[in-house]
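Peer 1: I am attaching a structure below and will ask some questions about it afterwards.
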Amino acid sequence: MGGGGYDAVILAGGEARRLGGVDKPGLAVGGRTLLERVVRAVPGAGRVVVVGPEREMPGVVFTREDPPGGGPVPALRAGLREVTAPWLVLLAGDLPFLGPSHVAALLEASGGGAVDEGGAVAVDGDGREQWLLGAWDAGVLRAALDGYAGRSLHGLLAPLVAARVALPGRAWFDCDTMDDLKEARVNDTSRVPSQRQEEAHPPGRDGSGRAPTPR
């Protein structure tokens, strides 16, 4: 990965209950997995840290919360231990429409270190904060985590927000259900030839929707 003033922490270890427990970050849209698409959105990150089962992704640092599946706050703690840059972007592992320009907009809105509040968070089309789509001062976030005993990202991050950002192109859209996945595939504009395989082989017993065994 190229060097930069920020690292990326991607949370990709959830149970995907509304998708029947399939390996959600491993599902494909436009010929790439959801996780691959998110990783491609942070080309300027000094380090890309994925909190979730390890995969064959050169240049990516993998780690897990303890215990695995403990929730987003423990996952963030685990990811933050691998961060070395002064700023980080915190992202979900299932954002099919996220691109580098969206990440750049969040980093710019966060102030690039010029503000004390902590960072910037994206909002969806209804103005709701998307806590797994934001840019944060790593030092401020560490300090907040040190004194935080709660389980929700909202409780942790809301007091740190310096800016709320409405990103274009539904960057906030995530894939929580099969209907979401179908919508992402229909509206994707970066299809590659293997798109037909996605439609012919939905997640199921062929193994394409099963999570890899943690190492």
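The values are calculated or read from the model by the stated rules, or taken from the named source; none is laboratory data. Keep in mind that what you see is a predicted model, and the values were worked out from it rather than measured. Note that we place each Cβ from the backbone using ideal geometry, even for glycine, and neighbour counts take in every protein chain shown.
Peer 1: Which ones in region 65-81 are part of a loop (DSSP other than H, G, I, E, B) and touching a residue at least 60 places away in the same chain (Cβ under 8 Å)?
Peer 2: Once the filter is applied, which keeps residues that are part of a loop (DSSP other than H, G, I, E, B) and touching a residue at least 60 places away in the same chain (Cβ under 8 Å), region 65-81 yields Pro68, Gly71.
Peer 1: Follow-up. Considering only region 1-60, state which residues are at pLDDT below 95 and either of a type in the set (S, T, N, Q) or assigned to a strand (DSSP E or B) (or both).
Peer 2: Passing the criteria: Ala28, Val29, Arg32, Thr33.
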